[in-house]
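A quick write-up on the structure given underneath.
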Amino acid sequence: MIAQLLRFTFLLVLFPSVGHSQAAPAGDEPPNILFILVDDLGYHDLGYTGSRFYETPHIDKLAAEGMSFTNAYAASPICSPSRAAILTGKYPARLNLTDYIPGNRHYGPHPDQKLASHPFKLFLDPEETTLAEAFKSNGYATFFAGKWHLGEKEMHYPEQHGFEVNVGGNATGHPAGGYFSPYANPQLPDGPEGEYLTDRLTEETIRFITKKREKPFFALLSYYTVHLPLQGKEEKVKKYQNKRQQMSFEGAAFDQQNQTYLKNHQDHPTYAAMVESLDENVGRLLQALSEAGLDSNTLVIFTSDNGGMATSNLAEQIPTSNAPLRTGKGYLYEGGIRVPLIFRWPGAIKEGSTHEFPVTGTDLFPTFLEMAGLNPLPHQHRDGVSLQPLLRGKSMEERPIFWYYPHYSGGLGGRPSAAIREGQYKLIHFFESDRSELYGLETDRAEDSDLSNSFPETRNRLTKKLQHWMKEMAVQLPYPNPSYQPEN
């Protein structure tokens, strides 16, 4: 007993927040955090979420060993704002970081776009306290690897936001040199010619998390995959070419609306190869944790920054389909914002559990802190709620979730819009037409049936809440484009 008291006293000195939190870590020590963030991975891109074409046994096993959320959302349908929301616990609208960086460069008025959007921040504001800074201030070793895309200049790179180690994170939103070395990445020395980027980032992360140290770690592995360009290992591409030949698909491969194509089937061999390489590397990470004896005291989180890319003005460039979810990246329909989310912590989170509670990217910050036994930072992560009760098998009261994307999503076809989900209902307001659509997601995940005329009271109630929220966020609404030239 005396030894235990001495050990707890030591923890209070090293981690003063531990003694004041209601969380109960599985072991005597603050847990390690391994956060795996994938780029552009759709909700249905995994075996456990229903994919017939992609093969993800390791990620499926991760889900089976922890809790998976079936109504998890990205805070934005586009990467940079979604990532900023995760790191700060604030909505992109509050941060005024609402599109991918450097999106403003191409934001001169476009003659084919009815509306124009106001400038937004091209960097993650250094005044924000990030997840990494919160963990670092509580004695954690912090590590980042992969895609950053939250500022063009080095003053805005991961090292300036609490990460002690940065492997490969810079201004680019995709691999500048592709997925095979040489990488053309100043933050990542080239490996042997032909080395695969997803493998390399995993190796760097394993080296960090298995290093002998006195401190716990917070590691964010932010894979560049499965973002374009489509590049997979040759033997895996051939495997899925053969698999595609053996499968049958119902209906047309694509739908077309104006100049935008929508992919209806998951059948792209190269994308499937990239997903399989992702899955293999998740398996390598979990094996490394096990072999190092870190399993029981490491919280592993797996998610994506937005929905899968399922639309484009070039059909051959579309990598995946989110069906039955509607559309994909760049839209506020379910295909653009619903993402996989898994929490695993042996002994602390029930194996094989699932939850339907709607959650979003801003919830991760307070959840990580509370699960680690650290004090919350309510002024910082003010737009998120801790999911710790759900992860401990308890209940929580639902609250509305909001989105604000006042931009055109380029060649993807998305239009300026805002949205709210409360309970089973989701309302999307489109700024071009000044009209809203209402869906009941409990029975209509595909968002096929617009209920806005059938349920005017629900439509009006959610509209008022969305308007009130946008006023609270002090958003600058898109405005008429003076250069707009409508088609004859």
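The values are calculated or read from the model by the stated rules, or taken from the named source; none is laboratory data. The structure presented is a predicted model; accordingly, all values stated were derived computationally and were not measured. Note: ideal-geometry Cβ built from the backbone for every residue, glycine included; neighbour counts use all protein chains shown. Note: areas computed on protein heavy atoms with side chains; ligands, DNA, RNA excluded. Shrake-Rupley method; radii C 1.70, N 1.55, O 1.52, S 1.80 Å.
Suppose we filter LEU34, LEU87, LEU41, LEU62 for residues that are open to solvent by less than 10 Å² (accessible area, probe 1.4 Å), assigned to a loop (DSSP other than H, G, I, E, B) and at pLDDT 95 or above; which single one remains? Lay out the reasoning, then the answer.
Numbers: LEU34 fails: assigned to a loop (DSSP other than H, G, I, E, B); LEU87 fails: assigned to a loop (DSSP other than H, G, I, E, B); LEU62 fails: assigned to a loop (DSSP other than H, G, I, E, B).
Only one candidate qualifies: LEU41.
Only one residue in TYR261, TYR271, TYR224 is within 20 Å of the chain's Cα centre (by Cα) and more than 23 Å from ASN166 (Cβ to Cβ), so which one is that? Lay out the reasoning, then the answer.
Working: TYR261 fails: within 20 Å of the chain's Cα centre (by Cα); TYR224 fails: more than 23 Å from ASN166 (Cβ to Cβ).
That would be TYR271, the only listed residue that is within 20 Å of the chain's Cα centre (by Cα) and more than 23 Å from ASN166 (Cβ to Cβ).
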Any residue in segment 449-459 that is crowded, with 18+ Cβ neighbours inside 10 Å, charged (D, E, K, R) and without any contact (Cβ under 8 Å) to a residue 40 or more places away in the chain? yes
If you go through segment 321-333 one residue at a time, how many are within 11 Å of SER76 (Cα to Cα) and either among the polar types (S, T, N, Q) or open to solvent by less than 10 Å² (accessible area, probe 1.4 Å) (or both)? 2
For segment 382-398, state whether one or more residues are over 22 Å from LEU41 (Cβ atoms), hydroxyl-bearing (Ser, Thr, Tyr) and under 21 Å from the mean Cα position of the chain (by Cα). yes
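Scan segment 115-129 and give yes if some residue there is in contact (Cβ under 8 Å) with a residue 24 or more places away in the chain, assigned to a helix (DSSP H, G or I) and either open to solvent by 30 Å² or more (accessible area, probe 1.4 Å) or out of contact with any strand residue (DSSP E or B) (no Cβ under 8 Å at 6 or more places or on another chain) (or both), otherwise no. Show your work before the answer.
Kept after step one, since they are in contact (Cβ under 8 Å) with a residue 24 or more places away in the chain, are these residues of segment 115-129: 115-118, 120-126, 128-129.
After this cut, where a residue has to be assigned to a helix (DSSP H, G or I) as well, the list is none.
No, every residue in segment 115-129 fails to be in contact (Cβ under 8 Å) with a residue 24 or more places away in the chain, assigned to a helix (DSSP H, G or I) and either open to solvent by 30 Å² or more (accessible area, probe 1.4 Å) or out of contact with any strand residue (DSSP E or B) (no Cβ under 8 Å at 6 or more places or on another chain) (or both).
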Residues within segment 242-277 that are in contact with a Ser or Thr (Cβ under 9 Å, 6 or more places away or on another chain) and charged (D, E, K, R), tallied: 3
Of (1) open to solvent by less than 10 Å² (accessible area, probe 1.4 Å); (2) modelled with pLDDT of 95 or more, GLY103 satisfies every one except (2)
Looking only at segment 469-488, how many residues end up being of a type outside the set (S, T, N, Q) and either surrounded by 13 or more Cβ atoms within 10 Å (Cβ to Cβ) or part of a helix (DSSP H, G or I) (or both)? 9
Taking segment 115-151 and keeping only residues that are of a type in the set (D, E, K, R) and out of contact with any Ser or Thr (no Cβ under 9 Å at 6 or more places or on another chain), one is left with GLU127
Tell me, please, whether a residue that is aliphatic (A, V, I, L, M), more than 30 Å from ASN297 (Cβ to Cβ) and in contact with a Lys or Arg (Cβ under 7 Å, 6 or more places away or on another chain) can be found in segment 420-428. yes
Which numbered condition in (1) crowded, with 22+ Cβ neighbours inside 10 Å; (2) under 12 Å from LEU332 (Cα atoms); (3) not hydroxyl-bearing (Ser, Thr, Tyr) is the only one that LEU466 fails? (2)
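Just to be sure, is ILE318 in contact (Cβ under 8 Å) with a residue 12 or more places away in the chain, open to solvent by less than 10 Å² (accessible area, probe 1.4 Å), at negative phi and touching a Gly at 6+ places or on another chain (Cβ under 6 Å)? Give the steps one after another, and end with the answer.
Values: in contact (Cβ under 8 Å) with a residue 12 or more places away in the chain: yes; open to solvent by less than 10 Å² (accessible area, probe 1.4 Å): yes; at negative phi: yes; touching a Gly at 6+ places or on another chain (Cβ under 6 Å): no.
Considered against the rule, which asks whether it is in contact (Cβ under 8 Å) with a residue 12 or more places away in the chain, open to solvent by less than 10 Å² (accessible area, probe 1.4 Å), at negative phi and touching a Gly at 6+ places or on another chain (Cβ under 6 Å), ILE318 comes out as no.
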Filter segment 369-412 for residues that are small (Gly, Ala, Ser) and either outside any loop (DSSP other than H, G, I, E, B) or open to solvent by less than 50 Å² (accessible area, probe 1.4 Å) (or both); which is modelled with the lowest pLDDT? GLY410
Hits in segment 166-179 - residues which are surrounded by 18 or more Cβ atoms within 10 Å (Cβ to Cβ) and more than 13 Å from SER222 (Cβ to Cβ): ALA171, TYR179
Could you look through segment 205-230, keep only residues that are touching a Ser or Thr at 6+ places or on another chain (Cβ under 7 Å) and part of a loop (DSSP other than H, G, I, E, B), and pick out the one that is surrounded by the fewest Cβ atoms within 10 Å (Cβ to Cβ)? LEU230
Can you run down the residue pairs with Cβ atoms below 7 Å, 6 or more apart or on separate chains, where the first is in segment 246-258 and more than 19 Å from SER312 (Cα to Cα) and in contact (Cβ under 8 Å) with a residue 12 or more places away in the chain and the partner is among the acidic types (Asp, Glu) and open to solvent by less than 70 Å² (accessible area, probe 1.4 Å)? PHE249/ASP267
Tell me, yes or no, whether segment 438-445 has at least one residue that is part of a loop (DSSP other than H, G, I, E, B) and among the β-branched types (Val, Ile, Thr). yes
